[in-house]
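The values are calculated or read from the model by the stated rules, or taken from the named source; none is laboratory data. All figures in this text were calculated on a predicted structure; none of them were measured in a lab. Virtual Cβ from ideal backbone geometry, glycine too; neighbours counted across all protein chains shown. Note: areas computed on protein heavy atoms with side chains; ligands, DNA, RNA excluded. Shrake-Rupley method; radii C 1.70, N 1.55, O 1.52, S 1.80 Å.
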Amino acid sequence: MPYTVAVRELCEFTAKQGDLDLRFTPAPTAQEGIAGHALVYERRGPGYRRELTLSGEFGDLRVRGRADGFDPERQRIEEIKTFRGSLDRQRPTHRQLHWAQAKVYAWLLCQAENLSDIEVALVYLDLGSQEETLLTERCTAAELQSHFEALCERFLAWAVLELEHRERRDAALLALRFPFGDFRGGQRALAEAVYRAAATGRCLLAQAPTGIGKTMGTIFPLLKAAPGQRLDKVFFLAAKTSGRQTALDAIERLAPAAPLRVLELVARDKACEHPHRACNGESCPLAKGFYDRLPDARSAALRVGQDLDTDPCREPGVALTRDAVREVALAHGVCPYYLSQELVRWADVVVGDYNYYFDHGALLHALTQVNQWRVGLLVDEAHNLVERGRKMYSATLSPERLFQARHSSGASASPLVRKALDKVRRSWRAIDKAQVEPYAAYEFFPESLLSALQHGIGVVAEHLAAHPDDADDALLDFHFEAMHVTRAVESFGPHSLVDVQKPEGFSAKPGPSVLCIRNIVPAPFLRPRLAAAQTSTLFSATLQPQGFHADLLGLPENHVSVEVPSPFDAGQLQVHVASHISTRYQHRRASLQPITELIAAQYGRAPGNYLAFLSSYDYLEQVSTQLAERHPEVPQWRQSRRMSEGEQRQFLDRFTEDGRGVGFAVLGGAFAEGVDLPGRRLIGAFLSTLGLPQVNAVNEQIRARMEKLFGAGYDYTYLYPGLQKVVQAAGRVIRTTEDRGVVHLIDDRFARADVQRLLPAWWDQGHRPQ
Ligand code: SF4
């Protein structure tokens, strides 16, 4: 079986040398790039051939890609690049890479069309002046062939090892056995659904209760199905660090049976060794000579934990955790963060945050596209993807950024920049003036502000390109924010709304408004990402109702859903509804005493560890203070705003097997999901809220849009997200089939039929109004 590689990948792997250099270069946007290519094409003659798909082979290696254009009259192949600023400032590594690509395409064309020689050209189009700079070199086919073969030979050494590794990996995965002897209750049903979805190339939405081992129940069947589906990689995507760790632990259990290369991706701020430096060779020692040292670091990384004398036929697995990558990176003097990004190409399973696949320009998605990988996705705790997706595809323009940019050194030095920023400020002011309400939503992004922003982006980019050594963070921040906003405008649709909000207390110019393109339905952005995977499974304990998630997450028409029955029974959990209490805002004061009495009475009947969830820190303070005053005999501890990781650990450490007391926490916060307190570590929970999002101007806009799009404004905006949080939090109580506990649902609305329908079916017999 040949190993296929894209031209760009082949060149990046073999031709990159020197420093890692991520200094800002005002790269054209995708649209500017497309427009630039179109302009060059327009200037060419009628016989000009655009976008030629080319491929060629060398040994077991198949190289493919698309050359920008060929001028048959001049017999010239062209690689077109757009840029801003001065071409003299282009980094040598970039130029080398461009030549390498152009020459590979040139050889593929010579071979396909039997040409004995060809002119190879780099066409650099200056987006400012629209002038072309042409760099050409006449090459014979023989020269190009030897260039191509030299690159392929370098790559092939890796490709052969990779092919051998894949053969061993796939053989081991076919024979893989479940590592725990038998499946837990419900785990088999989940595993079978994941396997079937993978085997038929479908997307699966799986609701499965906590405590059945969902992580192993999804990873194992997907890996087992991988050889049959010729999957190149599995991406395990989690919303939280705890989810990543659970996945790494599960894969470790499989490691003795399969030579898997497992890579953990962590955020730059967690992996960076020099947080106060910039990512370039002049500033950071780990960026200096990065590409020169990369091959050795890469080889060492793929041998992590392996004995040098290991029999190559019995290849063990490689766990490239954050610590392991760091150790290798530092031993070779390269940056751990960027080393881990390079290692994605050679990993079988990548474990990382959602944003590595779903965000704009996400690394894993981009590599999947470029390399045409066949990937299987596992999306852990997928109910979080709605909110996370909304954040990824929203963009905000804040007055502080413009203010700081206007007062930056760059703006002081350049009248053109000042003028452009003032133009943005004037357009913004006009919107502020016209809007009397503190909040207003608009059908479209204001045209005049958009054109001022586009102009501002161009001028700032030109300035930054001309002064690359003047690090002007304020100007850069504004530039990125404005780019993000204009990109959101380009993809604007019914999935988003434009709103202008005037927060209290900000008096800086140009005006106090914050302008936001607020994504509320991430489906149109997530759908193509899911479609790019061969198979995907989105799983969680709380995906009720499934239609809501299918609508908002953009699941394909032919997706399948499964609801795995709970292995727990009603006898394990007493569920009480306190229908004599209202936790509505206007009834909060009156609710304090009955809630504290209820908590104290439960604690008195069955002393042990409890979690009490409230809707806000203020409410939490009021209830816990009243409990302390009226029932000082009940030990208690509280969640506070902005707790550090250490403080969070201390909060949870109080839930010991023989501990007693009530931990107060905020619903939807750090202790409401992903917390595992089995047995006597947690015997009950009080839910003094339905978790409904606050009724405010923004949410009312969302409600109106949800009504228009799905005919379910209230449910999609308030009820479903709220109840999901309640069920997640209550799910902390019963973690195993041995656990026993109690849940108090404190609010009269919990007795309503539409609310009860959203509670787990296995609770049913226990709902007892008090
Ligand atoms: S160590 Fe930090 S500053 Fe240096 S290259 Fe890596 S991420 Fe950039």
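Quick look at the values:
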| read-out | value |
| --- | --- |
| Extended-chain gain in nm, criterion 0.36 nm per residue less alpha-carbon gap, GLN593 and ALA255 | 116.2 nm |
| Relative contact order computed over the chain (Cα-Cα under 8 Å; 6+ residues apart), in percent | 13 percent |
| Label-point separation, THR396 to ARG8 (7 Å along Cα→Cβ), nm | 3.2 nm |
| Axial C-alpha extent at least 27 Å, average Kyte-Doolittle at least 0.5 - helices from the chain (DSSP) | 447-466 |
| Computed log₁₀ I(q)/I(0) - Debye formula, equal Cα scatterers, no solvent, segment 468-620, q 0.10, 0.12, 0.17 Å⁻¹ | -0.80, -0.99, -1.11 |
| Rounded to 5, the percent of DSSP beta bridges in the chain classed as antiparallel | 35 percent |
| Calculated P(r) tail over 47 Å for the chain, as whole % of Cα pairs | 29 percent |
| FRET E, pair GLN546, THR140, Förster distance 51 Å, beta-carbon r, rounded to 0.05 | 0.25 |
| Rounded, prolate or oblate (a/c below 1.5 giving rounded, otherwise prolate when a/b exceeds b/c) for segment 1-143 by Cα gyration tensor | oblate |
| Percent carbon-and-sulfur accessible area, the chain, ignoring ligands, DNA and RNA, probe 1.4 Å | 49 percent |
| Projected label distance in nm at ARG654 and HIS274, using a 7 Å step from Cα toward the beta-carbon | 4.4 nm |
| Gap separating the Cα centres of segment 436-454 and segment 65-114, nearest whole Å | 41 Å |
| Span from the segment 360-425 Cα centroid across to the segment 183-212 one, whole angstrom | 35 Å |
| SER242-ALA697 pseudo-label distance in nm [points 7 Å out on the Cα-to-Cβ vector] | 3.6 nm |
| Segment 622-666: trypsin sites (Lys or Arg not before Pro) falling in loop per DSSP and having at most 16 other Cβ within 10 Å | ARG641, ARG642, ARG654, ARG660 |
| Distance violations [Cα-Cα > 18 Å] among LYS214/LYS240; LYS391/LYS708; LYS419/LYS502 | LYS391/LYS708; LYS419/LYS502 |
| Inverse of mean 1/r across different Cα pairs in segment 222-294, Kirkwood, Å | 15.4 Å |
| Förster radius 30 Å - calculated FRET efficiency between GLU557 and ARG757, Cβ distance, rounded to 0.05 | 0.70 |
| Surface accessible to a 1.4 Å probe, per residue, for the residues of the chain, Å² | 44 Å² |
| Extension gain, THR737 back to LEU330 (0.36 nm per residue minus Cα-Cα distance, nm) | 142.0 nm |
| Per-selection Rg to Rh, segment 313-395 - Cα, Kirkwood hydrodynamic radius | 1.02 |
| Whole-Å distance, taken between Cα centres, linking segment 710-755 and segment 575-594 | 16 Å |
